[in-house]
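The values are calculated or read from the model by the stated rules, or taken from the named source; none is laboratory data. Given the structure is predicted, the values throughout are model-derived calculations rather than measurements. Cβ sites come from the backbone with ideal geometry, for glycine too, and all protein chains shown count toward neighbours. The protein model used for the area step is the full one, side chains on, heavy atoms only, and it has no ligands, DNA or RNA in it. Shrake-Rupley method; radii C 1.70, N 1.55, O 1.52, S 1.80 Å.
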Amino acid sequence: MAATAVIGRSFSDALYERYCDFDSSWDDLKNGCDIVFFVGTSPKKTESGLVLTSSSVVLTDEKISHVGDPRAVEHTCCHVELVDISSNEFSDWQEISLLLSSLPHVKNINMSFNPFPTSLHILPDDIQWPNLNTLCLNGSRIPFEMVIELLKKTPNLEELQLCANGYKTLKFSSNDFKHLKLKRIYISNNELEEWIDLCQLGLLFPQLETLIASENPLQTFCLNNYPEQTSWTVIDYFPKLTTLSVNQVQIKQWDDIIELNQIPNLNTLRIHAAPLLKPYKKEERFFLILGFMPKLSKFNGSYITANERETNERRFIRYYAERDDKPQRYYDLINKHGQLKPLVDIKIRAPYATTVTLVYNQYSIEKEIDLRQTVQQLKKLLETEFHVPASRMRLFYVDELAFNMGVGGPEELKYPQRLLHTYNVHDQDKFFIDLKNDLVSSATATTKKYLLTKTKNRQAAEESSARRKILDSPSKQQSVENNYRPDSSFSTSSDDDKQSHHQGEENPFSFSYIQNFNNEQQQQQIQEQLIKLDDIDHLLPSLTTTTLIYDDDLLSAACASVLTTMTNPSE
């Protein structure tokens, strides 16, 4: 026990502590002691000792450095097929060899992140691990020469993981060795720069089907860059390779992608990041890769259907149609799909954006609004646009189509948090803005009333002065009264003001009011009939003159001139 304490824990002790009773020793369990409490999957007790019923044993980060009792391990793990002892302290090849020999039925073992020795250790010829199917040696810094030595003892191995081992090259001396069973190799996150190193794996594993080599700074996929290998083609290296992952490599030319077409059975590719693809958008990368690689059925995890392939090949044609650097693949696709006309550039607007008319105080603008916003958010926008406080704003919505058909009128937007699209707003619909308590209409009516009152008073004073200066002739007085009636000229405007003010108190956007707004000609005529205070002197020049008129003909002519001016104020 003292030696064990010095060099670390044993696999057998860790196995017992993880899966068995903490109050009994290993020898007690083998001698028939009752098992009171178990952690994890419970073992079963037999006459010859303890046997785990689970098919897997996980002892990660347990500071295990040696096997301990190999016979107890072999008996206890007779049904175990998967062992995970990653992140422990195995550093002796003899102990590693003893552990593998003590687990004869194990098919999958993970020994990643153990401090394996960097020296080559030749294993005895009589050692074989024929049942081992998957071997994980990630992050162990194990020399590639030692990997070859382990492969010689695992004739039925199908999967090998060598990620994050700091490999810069994969040279080995046993050039005549070939592993005839291995199909999958993971060698990502290393420092491999030469494509030829990965091709050597193809020679080492002629049955290789899956090569995961991402996060290696590979510079090219072209064998032409290696003159010493001119007698070999990529077909010789990867005759059965179907899946290749080379994400985050350093290739810079499309010729490297085209070179991968030489792999006869390659149909699955994963490559996201590379200097070659950086200038392109995501969708451009997709159709360019598919255009250059006609045999791909799965790219970056997505299966490629027949329709998707045809669509992307057509996009490939249109992409290169206007470029001078057309690759050979462009002409191949032209022969397949024919000459294609360029697509019409159609700008598709966001589905929640629509153009409406905003109306406030006879002033209207057209603006595109987002229907995903609330009524309150729209009022904030209108506050900036029209300088009207949102807190004092009333907002009315008019469905233009329904209004023109006579089946709908203005609807007040009373709920601040309601979304605009719930009102089913369409293009060219209108929003009318008014102030609460009809402040604008009241102010307008007050202004009109003030102007009319002041005008009437001034007219009465001037009329009295003029009449005093005119001869007291019944015929002349009757002529003036028949041709000039100042009260009647303002009666219509006064009535309209009262009616407008009354309507403003009830609803400023009645059905008839909206109809009058849409008729711009009629609205213009109404505005022209409003008489401003400053125009009174211009309309009634004869009333302000101090000239005495004694002649009936001259008086009649003056009255006719006044009436003509009042009838046509624009003149």
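A few notes on this one:
- Where helices (runs of 4 or more DSSP H) fall wholly inside segment 224-311, the ranges with 3 or more residues that are open to solvent by 30 Å² or more (accessible area, probe 1.4 Å) and out of contact with any His (no Cβ under 9 Å at 6 or more places or on another chain) are 254-259, 282-292.
- Candidates SER97, SER91, filtered to the one that is outside any loop (DSSP other than H, G, I, E, B), surrounded by fewer than 21 Cβ atoms within 10 Å (Cβ to Cβ) and either of a type in the set (Asp, Glu) or in contact (Cβ under 8 Å) with a residue 24 or more places away in the chain (or both): SER97
- Residues being touching a helix residue (DSSP H, G or I) at 6+ places or on another chain (Cβ under 9 Å) and modelled with pLDDT of 95 or more - total across segment 168-191: 3
- Residues that are out of contact with any Leu (no Cβ under 7 Å at 6 or more places or on another chain) and either over 30 Å from ASN224 (Cβ atoms) or assigned to a strand (DSSP E or B) (or both) are absent from segment 168-176.
- Taking the criterion of being β-branched (Val, Ile, Thr) and farther than 15 Å from LEU333 by Cβ, the residues of segment 259-303 that qualify are ILE263, THR268, ILE271.
- Pairing each residue of segment 416-428 that is at negative phi and in the same structural domain as GLN376 (by the TED database) with any residue that is assigned to a loop (DSSP other than H, G, I, E, B) and hydrophobic (A, V, I, L, M, F, W, C), provided the two are 6+ apart or on different chains, yields C-beta distances under 6 Å for LEU420/LEU371; HIS421/LEU371; VAL425/LEU371.
- Residue that is assigned by the TED database to the domain that holds ASN108, touching a Leu at 6+ places or on another chain (Cβ under 7 Å) and open to solvent by 30 Å² or more (accessible area, probe 1.4 Å), where the choices are GLN128, GLN161: GLN161
- Hits in segment 53-70 (condition: over 21 Å from CYS136 (Cβ atoms) and in contact with a helix residue (DSSP H, G or I) (Cβ under 7 Å, 6 or more places away or on another chain)): GLY68, ASP69, PRO70
- Any chance SER188 is under 24 Å from GLU215 (Cβ atoms) and assigned by the TED database to the domain that holds SER55: yes
- Some residue of segment 352-365 being open to solvent by 80 Å² or more (accessible area, probe 1.4 Å), in a strand (DSSP E or B) and under 30 Å from LEU419 (Cα atoms): yes
- A count restricted to segment 368-401 and to residues that are closer than 16 Å to LYS430 by Cβ and exposed (fewer than 15 other Cβ atoms within 10 Å of the Cβ) stands at 3.
One line per residue, one yes/no per condition, for (1) exposed (fewer than 14 other Cβ atoms within 10 Å of the Cβ); (2) at pLDDT below 50; (3) in a strand (DSSP E or B):
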position	(1), (2), (3)
VAL6	yes, yes, no
SER12	no, no, no
LEU15	no, no, no
ARG18	no, no, no
LEU29	no, yes, no
VAL39	yes, yes, no
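- Extreme residue, nearest to ASN267 (Cα to Cα), among residues of segment 184-214 that are part of a strand (DSSP E or B) and among the hydrophobic types (A, V, I, L, M, F, W, C): LEU211
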